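Colleague: Here it is, the structure in full.
The values are calculated or read from the model by the stated rules, or taken from the named source; none is laboratory data. No experiment lies behind these values; they were computed from the predicted model shown. When we count neighbours, we look across all protein chains shown, and the Cβ atoms used for this are built from the backbone with ideal geometry, even at glycine. The protein model used for the area step is the full one, side chains on, heavy atoms only, and it has no ligands, DNA or RNA in it. Shrake-Rupley method; radii C 1.70, N 1.55, O 1.52, S 1.80 Å.
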Amino acid sequence: MRLFWSKGSAGYPPPVEGYGLQSGKSLVQFSGGHLQYDSLLSVEKPARYMGSEIGSVVKKAVDVRFVLAFPDVYEVGMSHLGLQILYAILNNVDWIGAERVYAPWPDREDAMRASGEVLTTLETGTSLAKVDILGFTLQYELSCTNILNMLELSGIPLLATERGEEFPLVLGGGPCAGNPEPLADFFDIFLFGDGEEAILEIATIYRDWKKVSGTKQDLLERLSAVEGVYVPSLFSVSYHQDGRISEIAPLKPGYEKVTRRIAADLEELPYPTRPVVPFLKAVHDRVSMEIARGCTRGCRFCQAGYLYRPVRERSPEKIVETIKAVLKNTGYDEISLLSLSSADYGCISGLLKTLMSSLEAERVAVALPSLRVGSLTRELIDEIVKVRKTGFTLAPEAGTERLRKVINKGITEEDLILNSRNAFEAGWRTIKLYFMIGLPTETRDDVFGIAEMSAQVKRAGKGTGHGGDVTVSVGTFVPKPHTPFQWEPQIGCAEIGEKQRFLRGELKKRKLAFKWHDASLSFLEGVFARGDRRLARALIEARKLGCRFDGWGEHHDFQKWQQAFAAAGIDPEFYLRRREYGEILPWARLDCGVTADFLLEEVKKSREEVLTGDCRDGCKECGVCDFSRIRMRLYQPPADDLAMLSGSGQQVVTDPEKSAAPRETGVNGEAVDVSRLRLRFSKTGAMSLLSHLELLHLFTRAVRRAAIPIRYSLGFHPHPKFSFAGALSVGVESWAEYFDMEIDAGLDSRSVQDALNATLPEGLRILEASQIPLRSESLSVLIEAVRYRVILPEGLVPHLPEKAEEFLRLETSPHCRVKKGKTVEIDLRHELSELQATSDTLEMVVKRGKPLEFASAITGIPEEELRAARIEKREVCFRMVT
């Protein structure tokens, strides 16, 4: 055995000036051109704040800088399709620069407040206070305090009346714009309805207004003419002594109500084929393809079913074309076909068959996240399961047939059992069932029915050979605006808790897993779902008390909310009460298109336990459609499902042996159809902030984008055959990272290197690629030592060379570290092979251990105080077997 070093200083480029971690400085400069503080090294997930992702767009000089703000953590926001759609639409216009910002996680927020740093965009690092339009996605009622916190962190006054022309126009849109009144004091305008077309109209009006330097009032007057735009300051609200609304008076003649904006034809709308691909794993880490908008079922509790009427389907040809483009540009290996009820899509069978026939060989899985009981056939299940089993959730909503008639959930117990058994037989081990408690007219028997029905589903799995586990997830009914149940009361926390305890006991008897929604979270959701403008006072008080991320259990503090309501003089129970049918509701000036007469007729039917049929079987006269521009747009399957898509792309014949273990071996024991490559790459600049897991995800997608024929493991969830040399500490730059990969034979190493470099982000570069024997030892076994350079902040450690000499004279230097709850002790002196020092630099060769551990031991300074040091991984020493 002998040792050899990988290429030395001549094998990697020096750091580029103005890029990367600079010696003695506390800033990291990213390719987008903006600066982030070195506090990113101490936060939980630096990739949340880096920017520079694949698909992101940076525009320096634009007329309108439009920021899309998501008031939740990055991983949640990056999973939101609506934001990706608007980002692409806006950036497709030369004079608009669309950028993104997400709510900083508390660790990042604390660092920002300590340093005085303001919240900035990911693309250019522009302060939110300096942009033109700041558009918040109103996805969830419990995001309200995050919105206020983001305004605070940006230096933007909370109240719209305190913001002059020098501050951005603050816009809100999304599901909660159906009743934005609790946020009315903080926003300039809201967009009620579909945003694809309206967002460009808003930007155009803003640009024209900006050119003439008009007043803010003039801008609001102009924007009020846009269909779907609600300007809350153009309405005055007054109240009765008992707290009910007495009048909502329009302050602009002719502006009596705001009609929901409806994009008539999804086929004509642009769809992002180059979405932003996050470095870290998002909540929904896949291609999201909206196949239809709206639902024809008419469940009386479902706000989305009313706010997104009528149903508009995309053509299967357009869907397949778009999916293939997105897969090529992102490298994802899963597709989610999105709709309120995906299995109701008219051509779902043919669409699935076509997707699976063309993508199965590429190991791309398809998921239908919204499955309606009764619409999921065995044929669909067999298509979904071909690559791998994605999640399987069914939503009966109620535990008895009587209550399902009340809520217009027209499914039978037989349908549920049949769908469940089909899923178990197809190989699913666990099915998740979703129910609600607190529905109108609910009795104890209805709650008991949840346990009984779930037990029957569990029994349906017996004898299938794949188990029969069932997870029962139970939420609390929240009456939402613009639904037939908008007048209904919501049960309080005490009743929620009592029903949850009863269910817990019944489900435990039947050995069923139980998940539930916290009662106080449902309470707050109900308050803000049907609240009015007076709740602004409570929101301000809650922020003063530190409330944010209220939807996250570890940060939710209901006691602070109770204090906030008391300080604001508000009784939150007032908003959970039953509303009278003649009462003025806070959202009365917002017209969703469904008539009040239709909603009241649905209320009557619910009390009579009468079902309203599917809109696909005949118009139910809800009032939304004008049967000209606004109407249902459906696609019917032809006799031959696959024939309709014959021109949508080349179908791939699946080889069942493809990507399995090597079939043949040559005389030297090598596989004849497999190549193993070893690649050396650099990880510099912003990329040094990626964790090992994030790097693995990044390379997995890069390989798919580069169309490299990677090999996969066998088993339930096949994985690409990657093997990395080891995890590099976050913040360490390196020119000597290694990984091995197995690919199909026939592609040379240079082609692989060039293909990967063409798709990797700035800061990652393949420096070498070579073919190695298939049965070569792993990198973790071969690596003997690593050469690091640690550049300390200038003047931090006086007499550094002397301290290094003292350390070298030591016989031993024990060091303890805690790893996964266990204490590990290593002898740093024994693990150190070489050490050289200048005034502010340590160069060392170590066999085991982290460079910062050695730097701390040598200097006597705690590791936490050395975070500003720049660390480089220079070379790797390999063991060679002779």
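Colleague: Net charge near T812, counting Lys/Arg +1 and Asp/Glu -1 over other residues with Cβ under 14 Å of its Cβ? It would help to have the intermediate numbers written out before the result.
Modeller: Values: positive: R809, R829; negative: E806, E811, E825, D827, E831.
With Lys, Arg at +1 and Asp, Glu at -1, the neighbours total -3.
Colleague: For the chain, what does -39500 (n - 2.57) per DSSP helix run (n ≥ 4), summed and divided by total residues, give at 222 nm, in deg cm²/dmol to the nearest 500? Can you show the working numbers first?
Modeller: Working: 24 runs with 243 residues, N = 882.
Helix-only estimate at 222 nm: -8000 deg cm²/dmol.
Colleague: Same structure again: Looking at region 237-279, which GluC sites (Glu not before Pro) are DSSP coil and have at most 12 other C-beta atoms within 10 Å of their C-beta?
Modeller: Numbers: sites: E247, E256, E267, E268; in loops: E256.
Within region 237-279, the qualifying GluC sites (Glu not before Pro) (loop, at most 12 other Cβ atoms within 10 Å) are E256.
Colleague: State the Cα centre-to-centre distance between region 398-460 and region 578-624 in whole Å.
Modeller: For region 398-460 versus region 578-624, the Cα centre distance is 26 Å.
Colleague: Between S115 and S713, what is the label-point separation in nm under the 7 Å Cα-to-beta-carbon projection?
Modeller: My value for the distance between the label points is 3.7 nm.
Colleague: Treating only the Cβ of Lys, Arg, Asp and Glu as charged (+1, +1, -1, -1), what charge dipole size does region 437-560 show about its Cα centre? Round to the nearest 20 debye. Write out the running numbers ahead of the final one.
Modeller: Values: 21 positive and 16 negative charges, 59 e Å.
Using only the charged Cβ atoms, the result is roughly 280 debye.
Colleague: Could I ask something else about it? What lysines does K515 reach when the alpha-carbon gap must be under 20 Å and sequence neighbours fewer than 8 apart in one chain are set aside?
Modeller: Correct list for K515: K432, K458, K499.
Colleague: With unit charges on the beta carbon (Lys/Arg positive, Asp/Glu negative), name the residue among Y206, F739, S688 whose Cα is farthest towards the positive pole of the charge dipole of the chain.
Modeller: Checking the options against the dipole of the chain, the answer is F739.
Colleague: Right, another one. Hey, what's the Cα Rg ratio for region 158-202 versus the globular rule of thumb, 2.2 N^0.38 Å? Please report the intermediate quantities before stating the final value.
Modeller: Details: Rg = 11.2 Å, N = 45, 2.2 N^0.38 = 9.3 Å.
Dividing the Cα radius of gyration by 2.2 N^0.38 Å gives 1.20.
Colleague: In whole angstrom, note down how far apart the Cα centers of region 214-284 and region 124-152 are.
Modeller: If we compute the Cα centre of each part, the gap is 16 Å.
Colleague: Considering only DSSP states other than H, G, I, E and B, which trypsin sites (Lys or Arg not before Pro) in region 48-102 qualify as loop sites with at most 13 other Cβ atoms within 10 Å?
Modeller: Values: sites: R48, K59, K60, R65, R100; in loops: K59, K60.
Passing sites in region 48-102 are K60.
Colleague: How big is the dipole moment of the chain about its Cα centre under a simple scheme where the beta carbon of each Lys and Arg is +1, that of each Asp and Glu is -1, and everything else is neutral? Debye, nearest 20, please.
Modeller: 1380
Colleague: Among I54, N422, T443, which residue has its Cα furthest toward the positive end of the charge dipole of the chain, with +1 on Lys/Arg Cβ and -1 on Asp/Glu Cβ?
Modeller: Value computed over the given set: N422.
Colleague: When only C-alpha pairs under 8 Å and at least 6 residues apart count, what is the relative contact order of the chain, in percent?
Modeller: On the way: 1716 pairs, mean separation 118.9, N = 882.
Once divided by the residue count of the chain, the mean separation gives 13 percent.
Colleague: Now for a separate question. From the convex hull of the Cα coordinates of the chain, what is the mean projected area in square nanometres? Show your work: numbers first, answer last.
Modeller: Details: hull surface 162.5 nm².
With the hull built on Cα positions only, its mean projection is 40.6 nm².
Colleague: Hey, another quick one. If every alpha-carbon in region 818-882 counts as one equal scatterer, what log10 I(q)/I(0) does Debye give at q = 0.11, 0.20 1/Å?
Modeller: Debye curve over Cα of region 818-882, log10 I(q)/I(0) at q = 0.11, 0.20 Å⁻¹: -0.31, -0.93.
Colleague: Which Cα, out of S770, S357, L714, lies furthest along the positive dipole direction of the chain (beta carbon charges, K/R +1, D/E -1)?
Modeller: So the residue furthest toward the plus end is L714.
Colleague: If you find the alpha carbon centre of region 806-877 and of region 537-571, how far apart are they in angstrom?
Modeller: Each part reduced to its Cα centre gives a spacing of 46 Å.
Colleague: Another question, then. I'd like the projected area of region 341-451, averaged over all directions, using the convex hull of its alpha carbons. Report it in nm² with one decimal.
Modeller: Working: hull surface 28.1 nm².
The orientation-averaged projected area of the Cα hull of region 341-451 comes to 7.0 nm².
Colleague: Further, regarding this structure: Got a sec? What order do W516, W552, W428 fall in by accessible area at 1.4 Å, biggest, i.e. largest, first?
Modeller: On the way: W516 125, W552 75, W428 15 Å².
I get W516, W552, W428, largest accessible area first.
Colleague: Something else now. Loop only per DSSP, at most 16 neighbouring Cβ atoms within 10 Å: give me the trypsin sites (Lys or Arg not before Pro) in region 223-315, ordered by residue number. Mind dumping the intermediate values first?
Modeller: Working: sites: R244, K257, R260, R261, K281, R286, R293, R297, R300, R312, R314; in loops: R244, K257, R260, K281, R286, R297, R300, R314.
When the trypsin sites (Lys or Arg not before Pro) of region 223-315 are filtered for loop state and at most 16 Cβ neighbours within 10 Å, R244, K257, K281 remain.
Colleague: Treating only the Cβ of Lys, Arg, Asp and Glu as charged (+1, +1, -1, -1), what charge dipole size does region 261-389 show about its Cα centre? Round to the nearest 20 debye.
Modeller: So the magnitude is around 380 debye.
Colleague: Please report, as a whole percent, how much of the solvent-accessible surface of region 423-487 comes from carbon and sulfur atoms (probe radius 1.4 Å). Numbers along the way, then the final one.
Modeller: Working: 920 of 2010 Å².
The nonpolar share, carbon plus sulfur, comes to 46 percent.
Colleague: Give me the percent of accessible area attributable to carbon and sulfur for region 236-313, probe 1.4 angstrom.
Modeller: Values: 1460 of 2990 Å².
Its accessible area is 49 percent carbon and sulfur atoms.
Colleague: Taking 23 Å as the cut-off for C-alpha to C-alpha distance, list the pairs among K721/K873; K130/K210; K281/K508; K318/K620 that go past it.
Modeller: Numbers: K721/K873 25 Å; K130/K210 14 Å; K281/K508 34 Å; K318/K620 29 Å.
Where the Cα-Cα span goes over 23 Å, the pairs concerned are K721/K873; K281/K508; K318/K620.
Colleague: A follow-up question, please. With every protein chain left in place, what is the accessible area per residue of the chain in square angstrom, probe 1.4 Å? Could the numbers behind the result be given before it?
Modeller: Numbers: 35450 Å² over 882 residues.
Counting only protein heavy atoms, the per-residue value for the chain is 40 Å².
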